[in-house]
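Since the structure comes first, as structure tokens, the remarks are kept for the end.
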Amino acid sequence: METVTELPLDDAIFFNSTVNSVYEMITAIPGSHLVIVYLKNAYQNDPFRIALELFLVFFAIKYMLAKKYKPHDNTVKLTVKEVDDLIEEWQPETLVPTLNTLDKLNLDSTPVILGPQSAKTRVSGHAKPLLNLATTNYLNLAASEQICESAIKTLKEYGVGSCGPPGFYGTIDVHMDLEKDIAQFLGTEEAIIYAQGFSTISSVIPAFSKRGDLLVVDDGVSFAVQKGVQISRSNVRYFKHNNMDDLERVLRDVQADQDKNNKRLTRRFIVTEGLFANFGDIAPLKKLVELKKKYKYRLILDESHSIGVVGNNGRGLTDLFSVDATEVDMIVGSLANAFCASGGFCAASTEVVDHQRLSGSAYCFSASMPAMLAVSASEALKVIRQQPSILKELSERAQVFRQVLSHKSLESLIRVSDSDLQSPAPFFHIYPKNSFLRSRAFDHEIDIPRVDQERLLQDVVDECAVQGVLITRAKYVHDQEKSCPRPSIKLHVTIGLTKKENEKAAGVVKSAITKVFGKWRK
């Protein structure tokens, strides 16, 4: 038979009195009876919850009473002499980095525009306006009275800017109207607009492709696309510029690797441009759509330089190749080129657009586009729909330029990026031929330094300005480009010039090249 040990009488009396004293102290606190009732009910109904709450209370008390951690507690203790020696050795970096030779050339040769942008613009140091071939004002919409009047009216009604992101209070009726106009123009379900053209593609890509996903990218894409690829932190495979055979090789290699190693299925995208900013050539959209269906990829197509100018109706590559816009998963473009506004857009399915309203970094964290620029873009779309003849006119201007620059006298001097006279591209690059560079260099060097090529092209730019034509060299962020393109002169054609002025400008460029190249020697 078990025996039960009882507390001594004095100890039992002391214990009971202590408990009663504590209870009286607690009940003396105002509102304590509510806590006691809550604890009794909670314990009866859910004893596990009261145990968890007590644990959290004790943990909080222990945490607050614990010794605070100070980061500098584990730092190396230096003597006064050691600190003085370090201060003496320290050399502050300059606020402005030292310019290299190429940077100085770019800075010294930058023209200063006086007054508004136009097809005939005034430049500091020149008495007469220059014929402007250095602007993306292809359709001369910057001079459209219809657009200017609408912009001024909107400015008076809405003010300058919204001062808020689109997802908060930055979206107003003109923004939604522009999104509807873009979707209707391209033939997609919906569209979303961004406030900055550069950050559009660099936000769209990381909104869908994350770490572990796969991007198959043309190695000739523009700097904005490169930044989007970099920000996404995805796995990246590059294929040779505009080479569909190499693209299919990469897709096959990826598929074979996945089958061999039984890798998990991830999101996969093909990323390319419609009209390449760095090369002036056009991607074969039909082949891209065929490959993306065959290997089950999504296609992200940047049409920043083709939208509004390529195709019979200006709808870009889907218009040029008669491909349904829904075949391209995401059509991304800029509103700052042909439309003479600002910002960018992504046209796609409803699901893709809605996802960006929560995941597009530039959409969520940047102030929305000024209302007057949204209206300007909508008006530009209206002008293109109402006057499709201006697209044919632009194409004819480009053909004239290509014909002049394909003259036999220039064959040994330059190469044009897209020599096809029927090319719809409204801009092109002019490269000095390697054979010419080597023939004029001392010791017939195989590789001519980039800065020497840039100086040669800048001499052509300066000579054209003297003769009344404004052109520019292609500019790049050399230390950040994946593979910086060759130095070139980038010419933009515009219908803001008459046919006679366009022919004159082409003749000036041709004569400047002949003159400068004829006397150049490294």
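Going through His126, His175 one at a time, which residue ends up being open to solvent by 20 Å² or more (accessible area, probe 1.4 Å) and out of contact with any Asp or Glu (no Cβ under 9 Å at 6 or more places or on another chain)?
After applying the criteria, what remains is His126.
Pairs under 8 Å by beta carbon, first residue in contact (Cβ under 8 Å) with a residue 40 or more places away in the chain in segment 451-472, partner hydroxyl-bearing (Ser, Thr, Tyr) and assigned to a helix (DSSP H, G or I), six or more apart or different chains?
Taking only residues 6 or more apart or on different chains, the pairs are Val451/Thr101; Gln467/Ser511.
Restrict the check to segment 40-49 and report whether at least one residue is at pLDDT 70 or above and of a type in the set (A, V, I, L, M).
no
Given the structure, is Lys408 touching a strand residue (DSSP E or B) at 6+ places or on another chain (Cβ under 7 Å) and of a type outside the set (Ser, Thr, Tyr)?
No.
Output the number of the condition that Leu265 fails; it satisfies all remaining conditions of (1) touching a strand residue (DSSP E or B) at 6+ places or on another chain (Cβ under 8 Å); (2) open to solvent by 60 Å² or more (accessible area, probe 1.4 Å).
Of everything listed in (1) touching a strand residue (DSSP E or B) at 6+ places or on another chain (Cβ under 8 Å); (2) open to solvent by 60 Å² or more (accessible area, probe 1.4 Å), Leu265 misses just condition (1).
Residue by residue, here is whether (1) surrounded by fewer than 19 Cβ atoms within 10 Å (Cβ to Cβ); (2) more than 19 Å from Gly360 (Cα to Cα) holds:
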| position | (1), (2) |
| --- | --- |
| Ala183 | no, no |
| Leu186 | no, yes |
| Gly197 | no, no |
| Arg211 | yes, no |
| Ser234 | no, no |
| Phe239 | no, yes |
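Kindly check whether there is at least one residue in segment 153-168 that is in contact with a Cys (Cβ under 6 Å, 6 or more places away or on another chain), over 30 Å from Leu320 (Cα atoms) and open to solvent by 50 Å² or more (accessible area, probe 1.4 Å).
yes
Keeping to segment 96-123, report how many residues are open to solvent by 70 Å² or more (accessible area, probe 1.4 Å), in a helix (DSSP H, G or I) and touching a residue at least 12 places away in the same chain (Cβ under 8 Å).
Residues that pass the stated criteria total 1.
Looking only at segment 229-262, count every residue that is without any contact (Cβ under 8 Å) to a residue 12 or more places away in the chain and in contact with a strand residue (DSSP E or B) (Cβ under 6 Å, 6 or more places away or on another chain) and tell me the total.
Residues that pass the stated criteria total 1.
Return the residues of segment 124-134 that are of a type in the set (A, V, I, L, M) and not in a loop (DSSP other than H, G, I, E, B); say none if nothing qualifies.
Listed by number, the residues that qualify are Leu130, Leu131.
Quick grid of which residues meet (1) surrounded by 24 or more Cβ atoms within 10 Å (Cβ to Cβ); (2) closer than 21 Å to Pro284 by Cα:
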{"site": "Phe321", "(1), (2)": "no, yes"}
{"site": "Glu327", "(1), (2)": "no, yes"}
{"site": "Gly333", "(1), (2)": "yes, yes"}
{"site": "Asn337", "(1), (2)": "yes, no"}
{"site": "Gly344", "(1), (2)": "yes, no"}
{"site": "Ala348", "(1), (2)": "yes, yes"}
{"site": "Val352", "(1), (2)": "no, no"}
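Tally the residues that are under 30 Å from Lys475 (Cα atoms), in a strand (DSSP E or B) and out of contact with any helix residue (DSSP H, G or I) (no Cβ under 6 Å at 6 or more places or on another chain), restricting the search to segment 270-300.
6
Going through segment 61-80 one residue at a time, which ones are at pLDDT 80 or above, outside any loop (DSSP other than H, G, I, E, B) and either of a type outside the set (A, V, I, L, M) or surrounded by 10 or more Cβ atoms within 10 Å (Cβ to Cβ) (or both)?
Result: Ile61, Lys62, Tyr63.
Say whether the condition of being surrounded by 24 or more Cβ atoms within 10 Å (Cβ to Cβ) and under 28 Å from Leu291 (Cα atoms) is met by at least one residue in segment 357-371.
Yes, some residue in segment 357-371 is surrounded by 24 or more Cβ atoms within 10 Å (Cβ to Cβ) and under 28 Å from Leu291 (Cα atoms).
List every residue pair whose Cβ atoms sit under 8 Å apart, with the two residues 6 or more apart in sequence or on different chains, where the first one lies in segment 15-41 and is open to solvent by 100 Å² or more (accessible area, probe 1.4 Å) and the second, anywhere, is outside any helix (DSSP H, G or I).
Within 8 Å, the pairs are Phe15/Leu7.
The values are calculated or read from the model by the stated rules, or taken from the named source; none is laboratory data. Since the structure is predicted, the reported quantities are computational estimates derived from the model, not experimental observations. For neighbour counting, all protein chains shown are included, and Cβ atoms are generated from backbone atoms with ideal geometry for every residue, glycine included. Note: areas computed on protein heavy atoms with side chains; ligands, DNA, RNA excluded. Shrake-Rupley method; radii C 1.70, N 1.55, O 1.52, S 1.80 Å.
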